[in-house]
Amino acid sequence: MQQLNFPSFHFRFKNSENKLYIFDEIRKKFYLLTPEEWVRQHVLHYFLYVKKYSRTHINIEKIVKINGKNKRYDLVLHNSNGTIHILVECKEPNVKITQQTFDQIARYNGVLNADYLMVTNGLNHYYCKLDYENEVYHFLNDIP
């Protein structure tokens with residue numbers, strides 16, 4: 001897999017039927033190692049081992065209803081009161097982050113109301129803080 005713009009992490013892998021799988025520490029099972037899953041697992045490890053977020057406050061690939069349709073967000077970090085602290089959208093490394101990507105996370109956030117958004121393809125990361133009162137967002141250098 002491609003080197004990403006994250007620190008180096010230790011991952012568990014397994015081969016099955018000539019396919020490579022990666023272990024997800026939150027969902028407690030192996031998932032097919034696709035380029036997007038590679039990014040998602042790096043983001044997860046970043047929040048667990050660099051930012052030191054609690055495992056109990058992280059959800060991965062859960063369903064959210066948007067305009068009556070079931071969609072899946074990539075990763076959510078909850079506050080201790082259950083509100084959403086950070087909503088993360090992951091793309092595979094060869095996918096450019098475009099306005100469409102920001103539109104997608106904005107649609108998800110219309111339901112979830114996160115404090116912060118992160119969009120990444122593993123190479124480029126974008127972070128923003130949402131200011132609902134003034135209806136603006138502020139780009140940041142990193143997530144707190």
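The values are calculated or read from the model by the stated rules, or taken from the named source; none is laboratory data. Since the model is a prediction, treat every value here as computed from it, not as a measurement. As a convention, Cβ positions derive from the backbone with ideal geometry for all residues, glycine included, and neighbour counts pool all protein chains shown. Please note that ligands, DNA and RNA were not included when accessible areas were found on the heavy atoms of the full protein model with its side chains. Shrake-Rupley method; radii C 1.70, N 1.55, O 1.52, S 1.80 Å.
So, in the range 68-85, of the ones that are over 21 Å from residue 132 (Cα atoms) and in a loop (DSSP other than H, G, I, E, B), which residue ends up most open to solvent (accessible area, probe 1.4 Å)? Out of the qualifying residues, it is 68.
Among the residues of the range 124-144, write down those that are open to solvent by less than 50 Å² (accessible area, probe 1.4 Å) and under 16 Å from the mean Cα position of the chain (by Cα).
Looking only at the range 124-144, we keep the residues that are open to solvent by less than 50 Å² (accessible area, probe 1.4 Å), and these are 125, 127-128, 130-131, 143.
Listed by number, the residues that qualify are 125, 127, 128, 143.
Scanning the range 93-123 for residues that are open to solvent by 60 Å² or more (accessible area, probe 1.4 Å) and charged (D, E, K, R) returns 96, 103, 107.
When 39, 88 are checked against the criterion of being in contact with a Cys (Cβ under 9 Å, 6 or more places away or on another chain) and either at negative phi or in a loop (DSSP other than H, G, I, E, B) (or both), a single residue qualifies: 39. Taken over the range 98-144, the criterion of being of a type in the set (S, T, N, Q) and assigned to a helix (DSSP H, G or I) is satisfied by 99, 100, 101, 104, 109. Taken over the range 1-26, the residue count meeting the criterion of being open to solvent by 50 Å² or more (accessible area, probe 1.4 Å), assigned to a loop (DSSP other than H, G, I, E, B) and not small (Gly, Ala, Ser) is 9.
Look through 36, 61 and report the one residue that is surrounded by fewer than 20 Cβ atoms within 10 Å (Cβ to Cβ) and under 21 Å from residue 5 (Cβ atoms). Spell out the reasoning first.
Numbers: 61 fails: under 21 Å from residue 5 (Cβ atoms).
After ruling out the rest, the residue left standing is 36.
Screening the range 42-58 for residues that are assigned to a helix (DSSP H, G or I) and hydrophobic (A, V, I, L, M, F, W, C) and picking the one that is most open to solvent (accessible area, probe 1.4 Å) gives 50.
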